[in-house]
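The structure appears right after this line, and notes come after that.
The values are calculated or read from the model by the stated rules, or taken from the named source; none is laboratory data. All values derive from a computational prediction rather than experimental measurement. Reconstructed Cβ throughout: ideal geometry from the backbone, glycine too, with neighbour counts over all protein chains shown.
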Amino acid sequence: METPSGPFGHLMKKSNGGTFSTMRLTRNIDERGRSVRFWIGVALLTLAAIIGFVWAWPAASYLGWAFAIGLALGGAFSVYESAVG
């Protein structure tokens with residue numbers, strides 16, 4: 001039986017004694033696409049900060065915070081995808 005490796009290998013054991021299979025991520029976009037995705041993520045994170053400081057914080061607007069958090073999550077995901085995708 002194969003034992004899981006890596007820093008979280010001990011967490012990969014099933015309750016019945018087996019192990020979960022791990023699969024490596026493969027890159028599915030080229031270098032140009034990764035660069036574009038990174039800059040889109042940076043733009044979304046910047047826009048989220050601007051909306052947060054200019055609209056959501058001074059007005060204490062739930063809608064403003066929803067937009068800012070949504071943009072920040074989208075931007076963070078885009079930057080993550082550019083790093084691993």
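Observations
- Here residue 22 meets the list (1) in a helix (DSSP H, G or I); (2) at pLDDT below 90 almost entirely, failing just condition (1).
- Taking segment 50-64 as the range and being hydrophobic (A, V, I, L, M, F, W, C) and either within 20 Å of residue 75 (Cβ to Cβ) or in a helix (DSSP H, G or I) (or both) as the test, the residues that pass are 50, 51, 53, 54, 55, 56, 57, 59, 63.
- Qualifying residues in segment 67-84 (those that are among the small types (Gly, Ala, Ser) and either at pLDDT 95 or above or surrounded by 13 or more Cβ atoms within 10 Å (Cβ to Cβ) (or both)) - the one farthest from residue 29 (Cα to Cα): 68
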